[in-house]
Amino acid sequence: MTNLDYKELKQDAEKIVYVIQEIPGTKEGRPKINIMGAQKFGKIKVLLREDSQMIFSPGPIIFELRRLLKEYRPTDFLLLTGDPAIIGVACSVVSDITHGKYNLLKWDRQERMYYPISINLYEKGKVDE
């Protein structure tokens, strides 16, 4: 029997694509866009319903996103859908969990596919002006 290191097991776990909000039209069974191409980056996990709002009190949404994203790993991805304010909070929550390192999926309309983008907020380097 082989000894397995817990760290190795955790690293080999299936990647997850966290979809921040359901795609508009999902409730009626006719989503306006197809995100199935994101499945090649990991298992799809939708966080919030399409009608989730952050109008006057951001507290409940922040609390819910912290709960839903607590297992986010730097190898997982965010698919930025829905309300821009909620997207901002989700990125902030994930950045807090991973110390500024996380992955996004960016849709390329011309190529009609997702591209992974790695974010490192604390990357050291020169900025060209």
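Readers should treat all values here as calculations from the given coordinates under stated rules, not as data from a laboratory. Values in this document were obtained by computation on a predicted structure and should not be read as measured data. Reconstructed Cβ throughout: ideal geometry from the backbone, glycine too, with neighbour counts over all protein chains shown.
So who's got an amide H within less than 5 Å of the one on MET113, skipping anything under 5 residues away but keeping other chains? H placed 1.01 Å off N, in plane.
Residues meeting the criterion, in which the H sits 1.01 Å from N, are ASP108.
With r as the distance between the Cβ atoms of GLU28 and HIS99 and R0 = 35 Å, compute the FRET efficiency 1/(1 + (r/R0)^6) and round to 0.05.
In this case the efficiency is close to 0.30.
Set the Förster radius R0 to 25 Å, insert the Cβ-Cβ distance between ILE117 and ALA85 as r into 1/(1 + (r/R0)^6), and round the FRET efficiency to 0.05. Don't skip to the end; give the middle numbers.
Working: r = 21 Å, r/R0 = 0.83.
Efficiency at R0 = 25 Å is approximately 0.75.
Taking 8 Å as the Cα distance limit and 6 or more residues as the minimum spacing, I'd like the relative contact order of segment 50-119 as a percentage. Present the calculation step by step, with values, prior to reporting the outcome.
On the way: 73 pairs, mean separation 19.7, N = 70.
Answer for segment 50-119 is 28 percent.
Can you pick out the pairs among LYS40/LYS101; LYS40/LYS70; LYS43/LYS70; LYS15/LYS70 whose Cα atoms lie more than 18 Å from each other?
LYS40/LYS101; LYS40/LYS70
Order the peptides 78-89, 108-119, 38-49, 54-65 from the highest to the lowest mean number of other Cβ atoms within 10 Å of their residues.
For the peptides 78-89, 108-119, 38-49, 54-65, the packing ranking is 78-89, 38-49, 54-65, 108-119.
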